[in-house]
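A short worksheet on the structure shown next.
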Amino acid sequence: MKILFATKNPAKIKKYSKKLEPYGIEIISIRDLNIDLDIDESGNNAIENATIKAKAYYEATGMITVGLDDNLYIENLPDEKQPGTHVRRINGKELDDDEMIDYYTNMAKEYGGRLDSKWVYGMVLYDEKNTYEHTWSKDGFYFTDTPCEKRNPGYPLDSITVWPKYNQYWLELSEEQKQEINNQYNNDGVEEFITSSLNISD
């Protein structure tokens with residue numbers, strides 16, 4: 001079965017393709033279809049924006065579509081400075097990966113070199129008749145004012161994310177350490193959500 005993921009982020013496509021392949025689900029990206037809609041992501045949270053994207057791309061393609069969105073919240077940051085639904089869009093400009101790293105490291109410098117943060121994720125699967133929603137969160141990490149040398153295209157903030165338990169950047173952790181963190185903090189349940197929404201079993 002083919003489903004469309006309404007994202008241009010190569011890291012997300014790679015991540016979820018690997019998770020869903022064992023269930024016979026093939027992820028198609030909007031890049032694969034050479035389609036890129038100008039969508040007004042005016043939702044108040046991750047689920048609302050994911051819904052907007054999923055419905056728009058379903059209407060354009062007729063394919064079962066998954067919309068994704070993530071919100072970022074930073075401790076002790078005034079409401080007017082919270083990234084929230086606009087992690088990449090700052091003052092009306094869409095930042096590229098390097099610009100995001102610069103922006104958030106400068107913010108960390110402004111607040112003492114460390115930003116304790118939390119991601120809240122929203123995922124919506126839309127098939128015209130039904131809208132299925134799934135949300136999860138990840139905390140227990142902080143952004144530092146000095147990026148590591150490694151990069152993860154599509155996930156630039158990985159380069160400034162530090163996990164206190166290991167006192168290491170996310171990109172410098174071993175696969176075993178990453179898996180331990182994922183199990184503890186980020187058991188996102190995406191496989192179960194999508195397969196149950198599609199009535200697919202093991």
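FYI, it's all coordinate maths here, none of it is from the lab. Quick caveat, the model's predicted, so the values are computed rather than measured. A quick note on method: Cβ atoms are made from the backbone with ideal geometry, for glycine too, and the neighbour counts reach across all protein chains shown.
Given the criterion of a type in the set (Lys, Arg) and within 12 Å of the chain's Cα centre (by Cα), identify the matching residue among 55, 15, 2.
Unique residue meeting the criteria: 15.
I want to confirm something. Restricting to the range 71-104 and keeping residues that are of a type outside the set (S, T, N, Q) and part of a strand (DSSP E or B), which single residue is nearest to residue 45 (Cα to Cα)?
84
Here are some residues: 140, 122, 154. Which one is within 17 Å of residue 11 (Cα to Cα), of a type outside the set (Asp, Glu), part of a strand (DSSP E or B) and touching a helix residue (DSSP H, G or I) at 6+ places or on another chain (Cβ under 9 Å)?
122
Restrict the check to the range 111-129 and report whether at least one residue is surrounded by fewer than 19 Cβ atoms within 10 Å (Cβ to Cβ), in contact with a strand residue (DSSP E or B) (Cβ under 8 Å, 6 or more places away or on another chain), at negative phi and of a type in the set (Gly, Ala, Ser).
No, that holds for no residue.
Report the residue count in the range 1-51 for those that are more than 23 Å from residue 73 (Cβ to Cβ), in contact with a helix residue (DSSP H, G or I) (Cβ under 7 Å, 6 or more places away or on another chain), without any contact (Cβ under 8 Å) to a residue 60 or more places away in the chain and crowded, with 17+ Cβ neighbours inside 10 Å.
3
Would you confirm whether any residue within the range 171-191 is in a strand (DSSP E or B), more than 22 Å from residue 17 (Cα to Cα) and not small (Gly, Ala, Ser)?
Checked against the condition, which is being in a strand (DSSP E or B), more than 22 Å from residue 17 (Cα to Cα) and not small (Gly, Ala, Ser), the range 171-191 yields no hits at all.
Here are the criteria: (1) among the basic types (Lys, Arg); (2) closer than 25 Å to residue 7 by Cα; (3) in contact with a helix residue (DSSP H, G or I) (Cβ under 8 Å, 6 or more places away or on another chain). Tell me which single one residue 89 does not satisfy.
(3)
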